[in-house]
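This report concerns only the one structure given below.
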Amino acid sequence: MQISKATQELLASFTQINPSILIKTGNSISTMSPAKNILAKADINEEFDHEVCIYDLGQFLGITKQDIFEGAEYNFNETSVKIVKDGNAVTYNYAAPNTIILPPDKLPQMPDADVVVVLEEATLKNVINMANVLGKDDISINSDGQTVNISVTDKSDTSSNVFDSNLATGDGSVYSMYFKKESLKILPGTYVVKLSKQFISHFEHEDGDLEYWIALEQDSEYDSGE
């Protein structure tokens, strides 16, 4: 089989969550951060007949990106994968699953959402860029009841510089749902974002084949206004 560029890019984004991965049989792949505060799951076009456990996913992808292996064939077996192209070959051995952090067998049940917003790809890019420019680690989706914003700030310093980007019109609820910048290690795209006052969020990519569950910071606050 071959591995598409889209799948390679997805796997590359997963290395930001966890440097290791266990790919189970079928066409779904998932990963979880070592801190267990980020879980990602995606459906891909490739169908795996064997479980594939890779300890250093970045190293493996480094092989796939070599010009000599562009469009290569990947022959997966029980203990290794052989990558072959035009007389060049690499045999890459699997790791033992008990040596890596594994995601749960069942996906979490998202509580009823208290907040639902659409986060456009351009807005997400702007927020991450501004967090880097301002040197801030705190990102929030917040509302004063009238306007819903996504903001870059410093919770520990009320006099710090703040970047706001409008997402929607408020519904009367007042809230500040906080993430750390490092938690938003997601593939670029537009997402439907659901937030729960039980300190969990769900990001669903507009194509519907990529999802993230990301823990909210424990100082997140929500008041329905009722």
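The values are calculated or read from the model by the stated rules, or taken from the named source; none is laboratory data. Note that the structure is a prediction, hence the values are computed from the model and not measured. When we count neighbours, we look across all protein chains shown, and the Cβ atoms used for this are built from the backbone with ideal geometry, even at glycine. Accessible surface areas use protein heavy atoms only, side chains included; no ligands, DNA or RNA. Shrake-Rupley method; radii C 1.70, N 1.55, O 1.52, S 1.80 Å.
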When region 1-34 is checked residue by residue, the ones that are hydroxyl-bearing (Ser, Thr, Tyr) and either outside any helix (DSSP H, G or I) or on the phi > 0 side of the Ramachandran plot (or both) are Ser4, Thr15, Ser20, Thr25, Ser28, Ser30, Thr31, Ser33
Reported set for region 16-35 where residues are in contact (Cβ under 8 Å) with a residue 40 or more places away in the chain and more than 18 Å from Ala6 (Cα to Cα) is Asn18, Ser20, Leu22, Met32, Ser33, Pro34
Checklist entry - Out of curiosity, is Leu107 open to solvent by 50 Å² or more (accessible area, probe 1.4 Å), of a type in the set (A, V, I, L, M) and more than 21 Å from Ser201 (Cβ to Cβ)? => result no
The one condition Lys194 fails out of (1) under 23 Å from Lys136 (Cβ atoms); (2) part of a strand (DSSP E or B) is (1)
Selection over region 126-150 where residues are under 11 Å from Lys181 (Cα atoms) and open to solvent by less than 40 Å² (accessible area, probe 1.4 Å) yields a count of 6
query: Does Glu221 satisfy the criteria of being closer than 13 Å to Ile139 by Cβ and among the acidic types (Asp, Glu)?
result: no
Pairing a residue in region 129-156 that is closer than 19 Å to Val193 by Cβ with any residue that is in a loop (DSSP other than H, G, I, E, B) and of a type outside the set (Gly, Ala, Ser), where Cβ atoms lie under 7 Å and the two sit 6 or more apart in sequence or on different chains, gives Asp138/Asp154; Asp138/Lys155; Ile139/Leu184; Ser151/Val162; Val152/Lys136; Val152/Val162; Thr153/Lys136; Thr153/Val162
Ser20 fails exactly one of (1) open to solvent by less than 30 Å² (accessible area, probe 1.4 Å); (2) of a type in the set (Ser, Thr, Tyr); (3) over 30 Å from Gln198 (Cα atoms), namely (3)
Filtering region 95-128 down to residues that are free of Cβ contacts under 8 Å to residues at least 60 places away in the same chain and charged (D, E, K, R) yields Asp105, Lys106
Only one of (1) surrounded by 15 or more Cβ atoms within 10 Å (Cβ to Cβ); (2) over 25 Å from Ser28 (Cβ atoms) does not apply to Ala122, and that is (1)
Those residues of region 42-89 that are touching a strand residue (DSSP E or B) at 6+ places or on another chain (Cβ under 7 Å) and open to solvent by less than 40 Å² (accessible area, probe 1.4 Å) come to a total of 17
